[in-house]
Amino acid sequence: MDLGTTKMMARKEDGVGWMIFNQPEKHNAMSYAMWLAVPKIMAGFEADPEVRVIVLAGAGEKAFVSGADISEFEARRSAEASIKVYDAAAEAAQRALIEAAKPTIAMIRGICIGGGVAIALNTDVRICSANAVFAVPAAKLGLGYKYAGIKRLVDIVGPAFAKEIFFSAGKFTSEDARIMGLVNRVVPEPELESTVRTFAAAISANAPLTIKAAKMAIDAAVEDPERRRLAEIDAAIKACFASADYIEGRRAFMAKRKPKFKGR
């Protein structure tokens, strides 16, 4: 897969697709080329039947994603035309995460700031190390966040914490993030990758059609009512009951053995 940059990496291991933000010298700050690569990686994983779950992680030991690469702003975000081009790339990347049919996990080690928080919010499950640090410093940079991004934050942490995060533009610890609901769980830094791998393996072993239908329904529950695709959700549920996996699940349960799901 030609990603157009070496600062993003994609690999597949045992049913898990790994998307790696690979600019550790800048704490994995997102460049324009990196934003462009995200939809390509996601499309590849979505199309691969062997990939059951997608994990996002930052290269190195210090950061998940530290936001946008500000060194590019003068060239790419200073004029109206260039701002539109840059923002379109970033929005396409975020949309690729939001619209993923397969479950996504953010493995957050260390710094997770600005655009890094936005990326993490657009995954299904967020697991962080105890040394993780979160912030949305838009108010210190004069940036404006669009409604969709704000709504995503409010849906996850609620309006009071969303206001605290944006108004203060300050840093929050992993425990703060856990209390807010920004992350699902906090684990000791040395255990982060093994915890994520164990969790991803558990998802990979489960019935893909069931997970897909559940994800669609859960996402719909926090969408605006007029956007809910209830007919598609019903179809996904019916597909579960009509699948070979449903037969396999029943037979495995009765035989007291581990099921082998095929996603069909």
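The values are calculated or read from the model by the stated rules, or taken from the named source; none is laboratory data. Keep in mind that this is a model prediction, so the values were computed, not measured. Virtual Cβ from ideal backbone geometry, glycine too; neighbours counted across all protein chains shown.
A few remarks follow.
- Whichever residue in the stretch 27-53 is within 21 Å of S66 (Cβ to Cβ) and in contact with a Ser or Thr (Cβ under 7 Å, 6 or more places away or on another chain) and, among such residues, is surrounded by the most Cβ atoms within 10 Å (Cβ to Cβ): N28
- Sole residue being under 25 Å from L141 (Cα atoms) and touching a strand residue (DSSP E or B) at 6+ places or on another chain (Cβ under 7 Å), chosen from K26, K62, K102, K84: K62
- Residue, surrounded by the most Cβ atoms within 10 Å (Cβ to Cβ), within the stretch 127-160, restricted to residues that are over 25 Å from E99 (Cα atoms) and at pLDDT 95 or above: A132
- The residue list S194, S129 contains one member that is under 22 Å from V53 (Cβ atoms) and in contact with a Gly (Cβ under 9 Å, 6 or more places away or on another chain), which is S129.
- With respect to the conditions (1) basic (K, R); (2) without any contact (Cβ under 8 Å) to a residue 40 or more places away in the chain; (3) within 25 Å of M19 (Cα to Cα), K212 falls short on a single one, namely (2).
- Yes/no for E91 being among the acidic types (D, E) and either buried (at least 19 other Cβ atoms within 10 Å of the Cβ) or at pLDDT below 95 (or both): yes
- Restricting A101, A160, A118 to those that are more than 13 Å from the chain's Cα centre (by Cα), assigned by TED's automatic domain parsing to the domain that holds D69 and of a type outside the set (K, R) reduces the list to A160.
- Just one of (1) loosely packed, with under 14 Cβ neighbours inside 10 Å; (2) closer than 30 Å to R11 by Cβ; (3) aromatic (F, W, Y) fails for F167. It is (2).
- Taken together, A101, A57, A96, A120 contain a single residue that is surrounded by fewer than 23 Cβ atoms within 10 Å (Cβ to Cβ) and in a helix (DSSP H, G or I), which is A96.
- Restricting attention to the stretch 174-200 and to residues that are in a strand (DSSP E or B) and surrounded by 15 or more Cβ atoms within 10 Å (Cβ to Cβ), the residue that is farthest from the chain's Cα centre (by Cα) turns out to be V187.
- One residue stands out in the stretch 33-58 among those that are out of contact with any strand residue (DSSP E or B) (no Cβ under 9 Å at 6 or more places or on another chain) and not hydrophobic (A, V, I, L, M, F, W, C): the one that is nearest to N122 (Cα to Cα), namely P39.
- Whichever residue in the stretch 215-256 is part of a loop (DSSP other than H, G, I, E, B) and touching a residue at least 24 places away in the same chain (Cβ under 8 Å) and, among such residues, is farthest from E99 (Cα to Cα): S243
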